[in-house]
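Some notes on the structure that comes next.
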């Protein structure tokens with residue numbers, strides 16, 4: 001277990017969004033996928049095509065599972081940078097020059113498999129300076145070249161102390177839709193939902209050089225809950 005798991009287990013947590021009103025909350029972008037799968041399953045069942053109807057039912061249940069959107073409690077700790085995504089940390093590195101911000105930076109890459117929650121959350125309090133979409137390829141999101149070559153959406157955040165953080169939604173081999181519900185000028189808070197990537201993907205986080213990193217390669221993190229860094 002990395003430093004994140006060892007050092008922040010006893011921190012206080014708080015809710016920053018209203019609690020869901022259902023036992024199994026679903027992200028809104030998933031509703032059309034679920035409805036389409038359920039409709040196709042119903043048609044197959046009415047036609048008496050039992051095997052395909054059962055496969056359709058399994059597909060519908062999996063799509064419901066994929067688009068689950070659980071509530072999260074957010075660490076109440078000054079300076080904490082939380083993970084923007086559920087998944088596995090596949091790379092932690094220091095770069096001499098950030099591709100998105102000025103000067104050196106610390107980069108944390110998080111890979112989301114199709115079994116992870118895919119709702120993305122804001123890593124730190126601040127103001128959104130820019131949201132920039134870049135078309136590209138669809139290589140497997142766990143490959144290094146996916147950071148720059150895959151279709152991606154970069155969100156530029158400026159903290160109250162004028163530090164720049166960039167977090168990048170990256171499409172994967174199967175993912176074909178990046179959803180981002182924030183725009184330039186928005187004031188955002190740590191842990192708030194801001195988007196989603198459909199069916200397997202990756203999030204890269206670019207932190208200021210002076211930020212400390214609290215995770216290691218191989219760590220499993222959860223969006224909004226896991227502390228991945230610290231910024232004074």
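The values are calculated or read from the model by the stated rules, or taken from the named source; none is laboratory data. None of the values given here were measured: they were computed from a predicted structure. With ideal geometry, Cβ positions are generated from the backbone for all residues, glycine too; neighbour counts draw on all protein chains shown.
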- Message: Restricting to region 96-123, name every residue that is more than 28 Å from residue 30 (Cβ to Cβ) and in contact (Cβ under 8 Å) with a residue 24 or more places away in the chain.
- Response: 98, 99, 100, 101, 102, 103, 104, 105, 106, 107
- Taking region 194-211, which residues are touching a strand residue (DSSP E or B) at 6+ places or on another chain (Cβ under 8 Å) and either outside any strand (DSSP E or B) or closer than 13 Å to residue 81 by Cα (or both)? 198, 200, 205, 206, 207, 208, 209, 211
- Query: Tell me, which residue of region 61-85 that is closer than 21 Å to residue 168 by Cα and touching a helix residue (DSSP H, G or I) at 6+ places or on another chain (Cβ under 9 Å) is surrounded by the most Cβ atoms within 10 Å (Cβ to Cβ)?
  - Reply: 83
- Task: Looking only at region 15-43, count how many residues are more than 12 Å from residue 59 (Cα to Cα), at pLDDT below 95 and in a helix (DSSP H, G or I).
- Result: 5
- Note on the structure: Just one listed residue, out of 149, 143, 173, is assigned by TED's automatic domain parsing to the domain that holds residue 208, more than 18 Å from the chain's Cα centre (by Cα) and at pLDDT below 95, and it is 149
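Each row is one residue, and each column tells you yes or no for (1) surrounded by 13 or more Cβ atoms within 10 Å (Cβ to Cβ); (2) within 30 Å of residue 73 (Cβ to Cβ).
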| position | (1), (2) |
| --- | --- |
| 14 | no, yes |
| 18 | no, yes |
| 22 | no, yes |
| 35 | no, no |
| 40 | yes, no |
| 44 | yes, no |
| 49 | yes, no |
| 52 | yes, no |
- Message: So, in region 212-232, exactly how many residues are part of a loop (DSSP other than H, G, I, E, B), in contact with a helix residue (DSSP H, G or I) (Cβ under 7 Å, 6 or more places away or on another chain) and within 17 Å of residue 189 (Cα to Cα)?
- Response: 1
- For the subset of region 200-224 comprising residues that are under 20 Å from residue 117 (Cα atoms) and surrounded by fewer than 18 Cβ atoms within 10 Å (Cβ to Cβ), which member is nearest to the chain's Cα centre (by Cα)? 222
- Query: Got at least one residue in region 113-128 being loosely packed, with under 14 Cβ neighbours inside 10 Å, modelled with pLDDT under 95 and assigned by TED's automatic domain parsing to the domain that holds residue 209?
  - Reply: yes
- Task: Consider residue 98 carefully, then state whether it is assigned to a strand (DSSP E or B), touching a strand residue (DSSP E or B) at 6+ places or on another chain (Cβ under 9 Å) and closer than 18 Å to residue 124 by Cβ.
- Result: no
- Message: Here is a check on your reading of the model: is residue 66 touching a strand residue (DSSP E or B) at 6+ places or on another chain (Cβ under 7 Å) and either within 23 Å of residue 198 (Cβ to Cβ) or in contact (Cβ under 8 Å) with a residue 12 or more places away in the chain (or both)?
- Response: no
